[in-house]
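The numbers here are math on the coordinates, done by the rules we state, and not lab data. This is a predicted model, so every value here is computed, not measured. So basically every Cβ, Gly included, is an ideal-geometry build from the backbone, and we count neighbours across all protein chains shown.
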Amino acid sequence: MVSSILNAAVSGLSLNAQRIGAAADNIVNVSTTGYKRTDIHAQSISTRHSSTAYASGGAQAIARPLNGVQGLLTSSGSSTDLALSGPGYFAVSNSTVSPQGASGDESLFTRDGSFAPDNRGYLVNTSGYYLLAQKPDGSGGLSPVNIKAIGGTAEATSTTRVGANLPAAASVGERFSINVRATDSLGNDLDIPLNFEAQAGGAYRLSVGAVTETASGATPAVAREGSNAGPSYDVVVQFSADGAVASFDGGAQPPVLNISGLASGADELNIQLDLGQVGSADGLTRYGAEFTLASVQSDGARFGAVSNVNIASDGRVAAVFDNGETRAIARIPIATFTNPSGLSAETGGVYRATDASGAPTYQQGGAGGAGQVQSGALEQSTTDLGTEFVNLIVAETSYRASLEVLKAADQLSKSLLDEIA
């Protein structure tokens, strides 16, 4: 009987010491990004007893990790800071060596999205774990995200839109020129003069002058219709009586402008000239007014380096270049588990998959039960200081009470020994 009382008292001491330890961990991690508090619950230990004899059993501690509880999201000043609104985890690795495949066997998982590029360009969080992602289309295995591994980009011009009024009263042979600035495949600028010459009957003849490579001043390029095997660019623009374009060489739009033989070695250009829709005064017009250039707009972009990273709610990662271009570089998969509480906690706010948690299932952010990715935000600790202080008081009181039970059992033992003596 006395021994069972001693055992029960000791189990009470152990239980409440663990409660105090859990509260201590929760409190010191009140500012830890993505931290999930742990509760300690008591489970009674039953022993055999009869209606005339009772044997104390005591209690044992059962740790309950609250991995599935959503923490508050707070904004941050960095687009690479990430938080999850809803279930799931980011897949991470403690090195830049890619895990084999996407099974998660060599991956760890975290809610700590405090990622920033290191000196090599890898996105790593404050605990030293590298963010893992798939290819932009969501295929392939997991590998660390490196934004410095993305080369610069240049985009060749494919469309140029021109708006201008060509005088209705111009004399036959009178010329008006519009300079178009385009970009080749190497990111170099080109000056392309579009020459409009008044013809009899109110038409205008469009030809292309010497194409100049602005960086070098070279002019060897040849402008042709359709392809590098076509004729020199020479198009007749007809206008209707209301001043709108009627046709381009009898067609609804001008031929593609092909420019080849660039001295820089850039690829040939194929530019669709958007001079307005037939029957609509939204490009070239022919009114009884002076020559007026309204607008010249070309797509394409000069060489640019990565200036920022955008991360969408579904996990798509895009590099933004300082020339205005955007390129998809990766997709962050969200790992979900059938039993998140079964994950094994590791140092650094990461978890390892176990038999109890089940294998990870990778989902696109916001799909298949996975949470959405929030860029420029961090998930706060789920620790509530008020709750933890109450738990500390209760655990300390229970601990002292267990000590009193231990003292009482000790006194019983002494009394029994005194009687025997």
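Annotations for the structure displayed:
- Here the calculated FRET efficiency for residue 222 and residue 150, from their Cβ-Cβ distance with R0 = 60 Å, stands at 0.95, rounded to the nearest 0.05.
- Taking the convex hull of the alpha carbon positions in the stretch 155-290 and averaging its projected area over all directions gives 7.8 nm².
- Among 203, 243, 88 the positive-end extreme of the charge dipole of the chain (Cβ point charges): 88
- Cα-based helix-to-principal-axis angle, 2-28 vs the chain, degrees rounded to 10: 20 degrees
- Here residue 36 is the anchor, and the aspartates and glutamates within straight C-alpha reach of less than 16 Å, apart from those fewer than 8 places off in the same chain, are 25, 112, 346, 379, 384, 388.
- With the charge dipole of the chain set up from +1 on Lys and Arg Cβ and -1 on Asp and Glu Cβ about the Cα centre, the Cα lying farthest toward the positive end among the listed residues 192, 312, 176 is that of 312.
- Based on Cα contacts under 8 Å between residues 6+ apart, the chain shows a relative contact order of 23 percent.
- Viscosity 1.306 mPa s, 10 °C: Kirkwood-radius Stokes-Einstein D of the stretch 104-164 over Cα pairs, µm²/s: 109 µm²/s
- Of every Cα-Cα pair in the chain, the percent that sits beyond 32 Å: 61 percent
- In degrees, nearest ten, helix 385-420 long axis to first principal axis of the chain (Cα): 20 degrees
- When all alpha carbon pairs of the stretch 182-236 are counted in 10 Å bins from zero, the resulting P(r) reads 22, 44, 26, 7, 0 %.
- Within the shell defined by Cβ-Cβ distances under 13 Å, the residues around residue 383 carry a net charge of -3, with Lys and Arg each +1 and Asp and Glu each -1.
- Among the trypsin sites (Lys or Arg not before Pro) in the stretch 62-164, those located in a DSSP loop and surrounded by at most 16 other Cβ atoms within 10 Å of their own Cβ are 120, 148.
- Dipole in debye (nearest 20) - the stretch 155-290, about Cα centre, beta carbon charges: Lys, Arg +1; Asp, Glu -1: 260 debye
- Counted charge near residue 244, where neighbours are those whose Cβ lies closer than 9 Å (Asp, Glu -1; Lys, Arg +1): -1
- The charge dipole of the chain, taken about its Cα centre with unit charges on the Cβ atoms of Lys, Arg (+1), Asp and Glu (-1) only, comes to about 1080 debye.
- Just checking the listed ones, 217, 86, 358: in the Gaussian network model of the chain with Cα springs under 10 Å, the one fluctuating most is 217.
- Candidate cross-link partners of residue 148 among the lysines, defined by an alpha-carbon separation under 29 Å and a same-chain spacing of 8 or more, comprise 135.
- Contact order normalised by residue count of the stretch 155-290, Cα under 8 Å, 6+ apart, percent: 29 percent
- Total formal charge among the other residues, if their Cβ is under 15 angstrom from that of residue 336, Lys/Arg +1 and Asp/Glu -1: 0
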